[in-house]
Amino acid sequence: MINKTQKAYKLILFLVFLCTGILMAKTDVIQYMTDPYEYPVIIKLFWEHLFLVSCSMAIATVCGFGAGIILTRRHFRKFDGVFMYIIGLGQTIPSLAVLALSMSVLGIGIKPAVFALTVYSILPIARNTLAGIKSVPPALIDAARGMGMSPIRILYEVEIPNAMRVIIAGFRMALVINIGTAALAFLIGAGGLGDLIFSGISLMQTEKLLAGVIPVALLALAADFCCEIAEKLLVSKGLRLNENI
């Protein structure tokens, strides 16, 4: 079943790249992106976009992963519903509203954009960390206690490794959402590929619009593929074999 899913996923990726190539060939996107005056601007905006995503995801991963672990500890389990509701407020509010609220407090520029993207990305990571650790069979934890392992060792050697697939799935979801939402950071003066997208819309220049949309889409696909590789590296071989049976 998993092999069939992976084949379907690769087929979809191939079709996406094929359609992207056809679209670029039929429009003036290639000419626009290789223009000696426009090319440095596109590269600069791409790195700005990548910087926003990297900073916000680093903060969101630390906060979300830490919150998920803390809420699985015995003294905090009864508060997990309340804390997850508070963490989830960031995604119940539309992304534009989150950007507007952060701008009203932190002004315009990179800081409010990173803050808003962080708030918008914490929930999937925290929720999947919590769900993944909770789904670890109690028998494994009891066996680890019987072997004399401390709670810290049980967490790092039993709970987290067995929950890693679910945790990575949450990170993967947050990362893809973050890359797409980062395009809106242009609206509060943080730059990024959203500059090309919104400028292309306002000026009705299709090639400029696609010069922003296509890198964002390819970046999201590349990030998703990297998460798949990370899953194969971080999830133990025994767990992968058990799921393939």
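The values are calculated or read from the model by the stated rules, or taken from the named source; none is laboratory data. Since the model is a prediction, treat every value here as computed from it, not as a measurement. All Cβ positions, glycine included, derive from the backbone under ideal geometry; neighbour counts span all protein chains shown.
Taking region 144-159 as the range and being without any contact (Cβ under 8 Å) to a residue 60 or more places away in the chain and buried (at least 18 other Cβ atoms within 10 Å of the Cβ) as the test, the residues that pass are A144, I154, V158.
Is it true that G194 is of a type outside the set (D, E, K, R), closer than 23 Å to V119 by Cα and modelled with pLDDT under 90?
Values: of a type outside the set (D, E, K, R): yes; closer than 23 Å to V119 by Cα: yes; modelled with pLDDT under 90: yes.
Yes: the conditions hold for G194.
Note on region 128-180: among residues that are closer than 30 Å to V114 by Cα and of a type in the set (S, T, Y), the one that is modelled with the lowest pLDDT is Y156. Restricting I122, I133, I141 to residues that are out of contact with any strand residue (DSSP E or B) (no Cβ under 9 Å at 6 or more places or on another chain), part of a helix (DSSP H, G or I) and without any contact (Cβ under 8 Å) to a residue 40 or more places away in the chain narrows the list to I141.
Residues in region 49-79 that are of a type in the set (A, V, I, L, M) and either touching a His at 6+ places or on another chain (Cβ under 8 Å) or surrounded by 13 or more Cβ atoms within 10 Å (Cβ to Cβ) (or both): L50, L52, V53, M57, I59, A60, V62, A67, I69, I70, L71.
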